[in-house]
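Down below is the structure, laid out as structure tokens.
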Amino acid sequence: MRREDARYILPDALRTRIVVTMNARELIQVFFPLRMCTRAQWEIRHIAWLLWRELSRVHPRLFRWAGPSCVLRENTLRTEPASLNSYLEGREGFTQPRCPELVENKAIPGCLRQAASVAPQGDGEYE
């Protein structure tokens with residue numbers, strides 16, 4: 001069993017409450033790139049995608065280009081950045097040979113869709 005999942009076998013299935021404070025720069029440049037990726041543990045990835053969806057709804061212009069590290073890096077290489085939704089829907093492709101997690105170019109779209117699939121669409125709440 002992986003360490004991050006080990007708490008589920010502890011008595012009473014311990015409930016964990018986490019409170020964080022981040023500004024928009026921290027969210028866009030650090031939290032989302034690391035925690036929206038398939039390499040992140042599933043619980044934090046779920047929270048990151050839900051948070052991104054809510055923030056994109058509340059402030060679409062600011063969080064339009066935010067996303068996992070593959071998207072952040074791709075948008076820094078382009079003259080015109082593309083939205084995360086454009087990559088997810090296949091309207092934009094990746095030009096980088098590999099993402100920062102060393103996923104090959106042709107596999108990045110599938111990896112991105114897999115990362116997005118952890119969070120439900122719509123207004124799902126995390127319990």
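The values are calculated or read from the model by the stated rules, or taken from the named source; none is laboratory data. Remember, it's a predicted structure, so these values are computed and weren't measured experimentally. When we count neighbours, we look across all protein chains shown, and the Cβ atoms used for this are built from the backbone with ideal geometry, even at glycine. For the accessible areas, the whole protein counts, side chains as well, though only heavy atoms, and no ligand, DNA or RNA atoms are used. Shrake-Rupley method; radii C 1.70, N 1.55, O 1.52, S 1.80 Å.
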Some residue of region 49-62 being under 13 Å from the mean Cα position of the chain (by Cα), closer than 15 Å to C99 by Cβ, surrounded by 22 or more Cβ atoms within 10 Å (Cβ to Cβ) and not acidic (D, E): no
Residue in region 66-81 that is farthest from the chain's Cα centre (by Cα), counting only those that are surrounded by fewer than 18 Cβ atoms within 10 Å (Cβ to Cβ) and part of a loop (DSSP other than H, G, I, E, B): T79
Cβ-Cβ under 8 Å pairs, at least 6 apart or on other chains, region 79-94 side closer than 13 Å to W65 by Cα, far side open to solvent by 70 Å² or more (accessible area, probe 1.4 Å) and not charged (D, E, K, R): P81/W65; A82/W65; S83/W65; L84/W65
Conditions (1) surrounded by 11 or more Cβ atoms within 10 Å (Cβ to Cβ); (2) at pLDDT 90 or above; number of the one not met by G124: (2)
Long-range neighbours under 9 Å by Cβ, at least six apart or interchain, first residue in a loop (DSSP other than H, G, I, E, B) within region 98-112, second of a type in the set (S, T, Y): C99/S69; P100/S69; E101/T38; E101/S69; V103/T38
